[in-house]
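First the structure, in the form of structure tokens, and then the observations on it.
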Amino acid sequence: MCEAWERLEQIVGFDTGSRRVATTLNAVEQITKGLSFHRMRLANVTRQQEWPGYDQTDTTFKALEVCGEAGELAEAVKKMVRAERGIAGSTAKLEAVADELGDVIISADLLAAHLGIDLASAVAKKFDKTSVKYGLETRLGAAEEEPEA
């Protein structure tokens with residue numbers, strides 16, 4: 001079983017190997033019930049306006065912010081793996097990785113908002129596009145685009 005499924009089992013609390021993927025996805029939906037891209041966007045944009053200096057942020061700043069947060073996520077994962085493998089040095093727990101992952105999503109949403117991109121639609125579309133590309137059945141049900149004439 002891959003490491004991602006093992007982590008999902010820890011979060012969801014049941015053996016994903018003996019369950020269908022749909023059951024696992026339903027459990028994940030229950031965990032995140034109440035959170036949506038739309039709700040996050042509203043809170044994110046509102047809070048951003050409260051942030052001192054927000055009016056000085058542009059596309060470049062927001063893109064660099066996403067990169068910086070992704071770097072912090074990579075550092076937290078490295079430290080978690082270090083702890084799991086018994087390698088000397090500073091370590092981190094899964095909670096630190098989750099915090100940094102949250103920062104990546106928040107900063108990506110701020111960049112998307114700045115550029116006028118509906119993040120929920122973009123994610124669904126990309127997810128489905130990748131499923132089609134690799135012949136996978138699982139889809140999020142993104143609306144199909146009209147073919148270019």
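The values are calculated or read from the model by the stated rules, or taken from the named source; none is laboratory data. Note that the coordinates shown come from a computational prediction; the quantities given were computed from them, not determined experimentally. In this analysis, Cβ positions are derived from the backbone assuming ideal geometry, glycine residues included, and neighbour counts consider all displayed protein chains.
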Can you confirm whether Gly102 is at pLDDT 95 or above and at positive phi? no
Note down all Cβ pairs under 7 Å where the first residue falls in region 118-134 and is outside any helix (DSSP H, G or I), the second is at pLDDT 95 or above, and they're at least six residues apart or on different chains. none
Looking only at region 44-60, count every residue that is more than 17 Å from Asp99 (Cβ to Cβ) and assigned to a helix (DSSP H, G or I) and tell me the total. 10
Kindly indicate which of Ala108, Ala63 is over 26 Å from Thr138 (Cα atoms) and either in a helix (DSSP H, G or I) or in contact (Cβ under 8 Å) with a residue 24 or more places away in the chain (or both). Ala63
Some residue of region 83-96 being within 24 Å of Asp58 (Cα to Cα) and small (Gly, Ala, Ser): no
Sort out which residues of region 39-64 are surrounded by 11 or more Cβ atoms within 10 Å (Cβ to Cβ) and touching an Asp or Glu at 6+ places or on another chain (Cβ under 9 Å), and write them in order of number. Met40, Arg41, Asn44, Val45, Thr57
